[in-house]
Amino acid sequence: MKLKKSTILFGILAVTTLPTSLTFADDAGWYIGGNIGQSRGRIDEQTIINDVAPAPVQHAFLNDNTIDRGYKLYGGYQFGPHIALEGGYFDLGEFQFNHSVVPTGTLDSNMKVRGINLDLVGYLPFTEKFSAFARIGANYALTQDTFNSSAPNVLGGKLSDRDTLPKGGVGLEYKFTESWALRAEAERYRVSNGIDGKNNIDLYSVGVVYRFGATKKPVEVKPAPTPVTPPPAPRFEKMTIGATELFKFDSAEVTPAQPELEKLTTTLKGSSEPKQVNIVGHTDRIGSDEYNQRLSERRAEAVKNYMVDKGVQADRLLTEGKGEKEPLVQCNEKNREKLIECLQPNRRVQIDNVEVEREVKP
């Protein structure tokens, strides 16, 4: 039976050392650690002495030392923030107790306990760094007893026993970093006493834990979206073209080469804005008011027809003539040629509400 229990325990422990292909929570990972502390043996000394020095041998208690230093080394795999499987090696130290026997003599006993364990560990996180945990599992312990007696009728020598028995414990853990943590634990091991009984040994210890590949995941900060500068709103302005560029003197027929009108018609054909373009003709004051009014209207219509012939929709173009009513300059020259030259800015065609495509600077 003991061999069967030992085989099962070693098999489970071996499985925990194999790489896992399962995917668990982000907290999952391998770790190792070590604890050291004080062990306290709760040993049934009387039963052991009765087996070693049976009646009619008389004996009496002299003293004992059931406190020693203990330690453990362990490794495990944490499946997530709440559960881990852990196995390791422990040494619970040595415990002595002495009796006097009759006839005159002494019986000195020494017990050593060491072995391996496999535990299921459950965590209860309080904060990101601080948590409590509890463990339950099994230990396979080797107990070695040594008896030395000065009385000839008392058994002496060495005895040993191996057995698989339960164990449990509780503890606290504090993470200094994502990789390193401090533990404080209290555990109880159920072990064979080496004769024919079972006893408890408590281990109170502190230790450190190292977790492999544990790095704090940086908080993902999404870059702020690159502000998209909206295209500048359409700018609508007036375009003024001098009559000398568009027409011959006292004429309403557009001359062939008109780069400014060509550029304007191309812009209007490529966009639905503006929906309405006003074309206004102006003249100078030479001639009668009625004649100048009709001339300004004919010139506005001539510019519209030119643009329609180039592909601009006619219903987007509105024409108006203002004759000599809105002059830009006033001239008082007596010489006719000089007067005509001075009044040149007043002879113009003004195209209003024209979309101007250009970068608008703040």
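For every residue, the table says whether it meets (1) modelled with pLDDT of 95 or more; (2) in a helix (DSSP H, G or I); (3) small (Gly, Ala, Ser).
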residue	(1), (2), (3)
THR47	no, yes, no
PRO56	no, no, no
ALA60	no, no, yes
GLY70	yes, no, yes
GLN96	no, no, no
VAL101	no, no, no
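Among the helices (runs of 4 or more DSSP H) confined to segment 250-362, the ones with at least 1 residues that are among the aromatic types (Phe, Trp, Tyr) are located at 289-309.
Just one residue in the set LYS216, LYS238 is modelled with pLDDT under 75 and in a strand (DSSP E or B); that residue is LYS238. So is LEU246 assigned by TED's automatic domain parsing to the domain that holds LYS334, surrounded by 15 or more Cβ atoms within 10 Å (Cβ to Cβ) and either closer than 29 Å to LEU339 by Cβ or in contact with a Cys (Cβ under 8 Å, 6 or more places away or on another chain) (or both) or not? Judged against the criteria, LEU246 is a match. The set of residues in segment 87-108 that are of a type in the set (S, T, N, Q) and either under 30 Å from GLY207 (Cα atoms) or out of contact with any strand residue (DSSP E or B) (no Cβ under 9 Å at 6 or more places or on another chain) (or both) comprises GLN96, THR104.
Residues checked against (1) among the polar types (S, T, N, Q); (2) at pLDDT below 85; (3) within 27 Å of PHE126 (Cβ to Cβ):
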| residue | (1), (2), (3) |
| --- | --- |
| ALA141 | no, no, no |
| SER149 | yes, yes, no |
| ASN153 | yes, yes, no |
| GLY157 | no, yes, no |
| PRO166 | no, no, no |
| LYS175 | no, no, yes |
| ARG188 | no, no, yes |
| SER192 | yes, no, no |
| ASP202 | no, no, yes |
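Which of the following residues is under 22 Å from GLN344 (Cβ atoms), modelled with pLDDT under 85 and not hydrophobic (A, V, I, L, M, F, W, C): GLU273, GLU297, GLU260? Sole residue among the options that is under 22 Å from GLN344 (Cβ atoms), modelled with pLDDT under 85 and not hydrophobic (A, V, I, L, M, F, W, C): GLU260.
Is it true that some residue in segment 281-288 is farther than 26 Å from LEU343 by Cβ, in the same structural domain as PRO345 (by TED's automatic domain parsing), touching a residue at least 40 places away in the same chain (Cβ under 8 Å) and out of contact with any Cys (no Cβ under 8 Å at 6 or more places or on another chain)? Taking every residue of segment 281-288 in turn, none turns out to be farther than 26 Å from LEU343 by Cβ, in the same structural domain as PRO345 (by TED's automatic domain parsing), touching a residue at least 40 places away in the same chain (Cβ under 8 Å) and out of contact with any Cys (no Cβ under 8 Å at 6 or more places or on another chain).
The values are calculated or read from the model by the stated rules, or taken from the named source; none is laboratory data. None of the values given here were measured: they were computed from a predicted structure. Methodologically, a virtual Cβ is constructed for each residue, glycine included, from the backbone with ideal geometry; neighbour enumeration extends over all protein chains shown.
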